[in-house]
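Asker: Once you've had a glance at the structure underneath, I'll fire off some questions.
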Amino acid sequence: MSTNGSAAPAVGTPATGVAPSALSANAAASAVIRVEHVSRWFGSVVAVSDVTFDIGPGITGLLGPNGAGKTTLLRMMTGLAEVSDGTVTMFGEPVRDNPPLYRRVGVMSEHEAVYPFLKGRDFVRMMARLRGVEDPEAATEKAIGLVDLAAAAELPMGTYSRGMRQRMRLAGTLVHDPEVLILDEPLNGADPRQRVHFQALLKRLAGEGRTIVLSSHILEEVERIAQTVLLIVNGKLAASGGFRAIRAALDKRPYHVRVMADRPRELAAAVVRLDSVDAVNVDPDGALIVLSRKVRELQVELPRLAKEEGISLRRVEPLDDSLESVFGYLVER
């Protein structure tokens with residue numbers, strides 16, 4: 001299945017996973033990272049089970065509850081861990097034991113210690129030299145500028161806040177100008193201003209044609225910047241695609257729509273007769289919570305019905321048209 005954002009979403013259950021579909025020629029050509037029937041087990045514990053997906057240029061969010069297998073999957077995608085079964089390739093090459101390929105990849109792990117006495121600039125310069133960058137001084141200054149930390153570059157990293165450390169680590173990840181970025185929980189400890197800057201930076205990098213994989217537990221952040229999401233539940237790929245398309249594919253889950261009107265109980269009595277409505281509840285504050293599996297029909301029928309009944313609609317809003325609701329549905333199933 002392709003996860004470049006243009007393909008139809010694939011939705012499976014944590015119990016059975018997702019059956020891979022045939023790749024079109026265009027999707028296959030655009031795949032930068034390909035994970036095919038990958039499993040990883042530790043003794044009798046299965047961390048990842050028969051996972052298949054493609055990742056193309058742009059930002060892909062990797063999501064899942066704690067213990068779902070995200071970090072194990074990222075380690076296999078970067079060549080840091082061996083697969084028990086299946087294959088992982090990047091640019092058509094195997095990722096395991098492939099040093100030339102690693103020069104094209106920037107990896108930022110969730111847990112990574114830094115020497116507290118090391119100045120930020122020295123840390124990034126060290127990363128540049130380890131990567132064999134031709135002009136480490138110029139690359140260091142460029143990377144530090146990208147993360148907006150030039151003013152703190154001469155301070156020891158032990159004096160940084162956690163968010164500042166994360167940003168300087170990101171500079172070290174970017175210093176060799178990688179084509180692929182794999183970031184595991186990069187927003188940990190960042191304040192709101194830093195998050196806005198980080199989002200803008202990732203969008204800019206993706207706009208330059210880079211492939212970015214972002215693992216995060218902050219669903220709102222992923223919702224804002226990722227064109228595609230991969231939802232991992234119990235070591236299996238539960239769904240992939242744009243989150244709204246995934247939500248639309250969850251046919252068994254009715255949408256919750258909140259409706260505010262001047263005569264809510266009269267509207268409830270009328271709305272419940274609509275074919276597009278499964279159920280109606282009236283909250284103590286007078287709001288109607290309408291459950292519908294045919295939201296498009298409801299959007300047309302509701303204003304028409306209110307007009308016929310002489311009822312004024314004050315507000316109509318979906319309650320679960322978000323990545324958070326999609327995540328919750330799939331994890332609960």
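Asker: Could you please find all residues in segment 38-84 being under 16 Å from L181 (Cβ atoms), part of a strand (DSSP E or B) and of a type outside the set (S, T, N, Q)?
Answerer: I55, G58, I59, G61, L62, listed by residue number.
Asker: Additional query: Going by what's in this entry, would A81 be described as in the same structural domain as I225 (by TED's automatic domain parsing), aliphatic (A, V, I, L, M) and at pLDDT 95 or above?
Answerer: When the stated conditions are applied, A81 does not pass them.
Asker: Still on this model: Residues that are under 25 Å from the mean Cα position of the chain (by Cα) and without any contact (Cβ under 8 Å) to a residue 40 or more places away in the chain: does segment 206-216 have at least one?
Answerer: Filtering segment 206-216 for residues under 25 Å from the mean Cα position of the chain (by Cα) gives 206-216.
Of the ones still in play, those that are also without any contact (Cβ under 8 Å) to a residue 40 or more places away in the chain are 207-208.
Yes; the residues of segment 206-216 include at least one that is under 25 Å from the mean Cα position of the chain (by Cα) and without any contact (Cβ under 8 Å) to a residue 40 or more places away in the chain.
Asker: From the set of residues in segment 85-105 that are among the hydrophobic types (A, V, I, L, M, F, W, C) and in a loop (DSSP other than H, G, I, E, B), which is surrounded by the most Cβ atoms within 10 Å (Cβ to Cβ)?
Answerer: V95
Asker: Hey, another quick one. Can you tell me how many residues in segment 257-278 are of a type in the set (K, R) and in a loop (DSSP other than H, G, I, E, B)?
Answerer: Number of matching residues: 2.
Asker: While we're looking at this one, here's another question. Considering only residues of segment 173-202 that are polar (S, T, N, Q) and without any contact (Cβ under 8 Å) to a residue 60 or more places away in the chain, which is surrounded by the most Cβ atoms within 10 Å (Cβ to Cβ)? Let's see the steps before the verdict.
Answerer: Taking segment 173-202 and keeping what is polar (S, T, N, Q), we get 173, 188, 194, 199.
Pick out the ones that are also without any contact (Cβ under 8 Å) to a residue 60 or more places away in the chain and you get 194, 199.
Values: Q194: 19, Q199: 15.
Per the stated criteria, the residue is Q194.
Asker: Within segment 132-164, which residues are small (G, A, S) and touching a residue at least 24 places away in the same chain (Cβ under 8 Å)?
Answerer: G132, A139, A143, A152, A153, G158, S161, G163, listed by residue number.
Asker: Same structure again: Can you find a residue in segment 246-259 that is at pLDDT 90 or above and under 19 Å from D54 (Cβ atoms)?
Answerer: Checked against the condition, which is being at pLDDT 90 or above and under 19 Å from D54 (Cβ atoms), segment 246-259 yields no hits at all.
Asker: Still on this structure: So which of L291, L323, L305 ends up being at pLDDT 75 or above and within 32 Å of the chain's Cα centre (by Cα)?
Answerer: Values: L323 fails: at pLDDT 75 or above; L305 fails: within 32 Å of the chain's Cα centre (by Cα).
Criteria check complete, one pass: L291.
Asker: Considering each of L214, L170, L155, L146 in turn, give the residue that is out of contact with any Gly (no Cβ under 6 Å at 6 or more places or on another chain) and surrounded by 20 or more Cβ atoms within 10 Å (Cβ to Cβ). Give the steps one after another, and end with the answer.
Answerer: Working: L214 fails: out of contact with any Gly (no Cβ under 6 Å at 6 or more places or on another chain); L155 fails: surrounded by 20 or more Cβ atoms within 10 Å (Cβ to Cβ); L146 fails: surrounded by 20 or more Cβ atoms within 10 Å (Cβ to Cβ).
Selected residue: L170, the only one of L214, L170, L155, L146 that is out of contact with any Gly (no Cβ under 6 Å at 6 or more places or on another chain) and surrounded by 20 or more Cβ atoms within 10 Å (Cβ to Cβ).
Asker: Inspect all residues belonging to segment 89-110 and state whether any of them is under 17 Å from L170 (Cβ atoms) and among the aromatic types (F, W, Y).
Answerer: No, segment 89-110 contains no residue that is under 17 Å from L170 (Cβ atoms) and among the aromatic types (F, W, Y).
Asker: State which residue pairs qualify: first residue in the same structural domain as M77 (by TED's automatic domain parsing) and buried (at least 24 other Cβ atoms within 10 Å of the Cβ) and inside segment 55-66, second residue part of a strand (DSSP E or B) and of a type in the set (K, R) in any location, beta carbons under 9 Å apart, and separation of 6 or more residues or different chains.
Answerer: Pairs found: I55/R34.
Asker: Enumerate the pairs (first residue in segment 117-131 and within 16 Å of R162 (Cα to Cα); second residue anywhere and among the aromatic types (F, W, Y) and at pLDDT below 95) with beta-carbon separation below 9 Å, excluding pairs fewer than 6 apart on the same chain, so at least 6 apart or on different chains.
Answerer: Here the result reads G120/Y160; F123/Y115, each pair linking segment 117-131 to a residue that is among the aromatic types (F, W, Y) and at pLDDT below 95.
The values are calculated or read from the model by the stated rules, or taken from the named source; none is laboratory data. The shown structure was predicted, so the numbers you read here are calculated from the model rather than taken from an experiment. A quick note on method: Cβ atoms are made from the backbone with ideal geometry, for glycine too, and the neighbour counts reach across all protein chains shown.
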